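Right, one structure below, let's go through it.
The values are calculated or read from the model by the stated rules, or taken from the named source; none is laboratory data. A quick note: this is a predicted structure, and the numbers were derived from the prediction, not measured. As a convention, Cβ positions derive from the backbone with ideal geometry for all residues, glycine included, and neighbour counts pool all protein chains shown. Surface accessibility is based on the protein's heavy atoms, side chains included, excluding ligands, DNA and RNA. Shrake-Rupley method; radii C 1.70, N 1.55, O 1.52, S 1.80 Å.
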Amino acid sequence: MTERRKTSNASRPKPSAASARHPDGTSGHRPRSTSSTGTYVLIGVAVVVVAALVVLGFVWNANKKNLGPVNDTVLNENAALIVGEPAATTTIDVFEDFLCPVCQQFEKQSGQAIVDAVNTGKLRVRYHMLTFLNSRSASGDYSERAAGALQCVGDAKDPALFFRFHSALFADQPKENGDSDHSNAQLAQIAAAQGATPPTQQCITTGAKLAEAKQAAAQSRTQLEKAMDTTAVGTPTVLLNGEPVDGITNGPAWLAAILTKQTQ
């Protein structure tokens, strides 16, 4: 089953972003740090190594914050979409950005395994579509418009349609810092090709769910920061019981492992 959840009002984080190393060791995306402390590494010659260690240590510790525990209720209420049976033995939270190339890789490697686990009743997935790569899109707001389009599709309460549209957006992903991305009308056309009804297409074309998508992204990012104990979060990320899952960009073995563990 597919559920739509209402989002709570919250201020939207600034959507700056930069490439970084993902927590599992692969290349991912994280918001760009606004600290200028790193420039101090360039000062001095004899003490450059020591300076670098001090500065890097400061930057790392500055990102580590006492943000409090993850709130599962908030994760449930502010997920963009919830797919799967409530009685499923395993629930995960998936954080993605539709402009994130590593998220595209994650979808290629694990997308079908997730669908299969949902269809067999073993898995429930709460999808959180973040928007910090907006500024790297040609339009300046592609991440949030694509997230809004996904919410329109979710309102149709058709899990198969949701999964097809979700996969289609990653398969036809615009390039970061590219010259173009998909307009709302083009997003609606992609949805139509996956079987979306005219009312759903109209919802996408008019951007009817854009405000909800922004609010959901802000709240979901806050919970992700708490889970990672840092504001330098990245996508894709998967949480299980509020804790990050390792190895998610190395194929679908991570999913098989947690499903097996949860049933033991």
Convert each backbone phi in the stretch 89-96 into a coupling constant with the Karplus relation 6.51 cos²θ - 1.76 cosθ + 1.60 (shift: θ = phi - 60°), then list the ³J(HN,Hα) values in order as whole Hz, x for Gly and Pro.
-> 6, 10, 10, 10, 10, 10, 10, 9
Can you list the residues, at least 5 places off or on another chain, whose amide H is less than 5 Å from the amide H of Thr235, using H built in the peptide plane?
-> His29
In terms of modelled amide H atoms, which long-range or inter-chain residues lie less than 5 Å from the amide H of Leu81?
-> Tyr127
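Sort Cys103, Cys203 by heavy-atom solvent-accessible area, probe 1.4 angstrom, most to least.
Values: Cys103 0, Cys203 25 Å².
Putting Cys103, Cys203 in descending order of accessible area: Cys203, Cys103.
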Residue-by-residue Karplus 3J(HN,Hα) for the stretch 75-86, coefficients 6.51, -1.76, 1.60, Hz, glycine and proline x | 4, 5, 6, 10, 5, 5, 8, 10, 10, x, 6, x
Would you kindly calculate the mean projected area, averaged across all directions, of the convex hull enclosing the Cα atoms of the stretch 149-214, in square nanometres?
-> 4.4 nm²
The stretch 166-264, accessible surface, carbon-and-sulfur percent (1.4 angstrom probe) = 48 percent
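In the P(r) worked out for the stretch 112-200, what percent of Cα pairs fall beyond 16 Å?
Working: 2130 of 3916 pairs.
Tail of P(r) above 16 Å: 54 percent of Cα pairs.
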Site Asn71, offset 7 angstrom along Cα→Cβ, radius 17 Å on amide nitrogen, limited to the stretch 207-223, gives 215-223
For the stretch 89-142, would you read off the P(r) tail past 17 Å as a percentage of all alpha carbon pairs?
-> 44 percent
So what are the three principal axis dimensions of the stretch 108-264 from its Cα atoms, in whole Å, longest to shortest?
-> 47, 35, 25
How many nm is it between the label spots at Ala168 and Ala253, if each spot is 7 Å from the Cα in line with the beta carbon?
-> 3.4 nm
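Just add up the charged neighbours of Asn71: K/R +1, D/E -1, any other residue whose Cβ is under 10 Å from the Cβ of Asn71.
On the way: positive: Lys226; negative: Asp72, Glu77.
Charge balance near Asn71 sits at -1.
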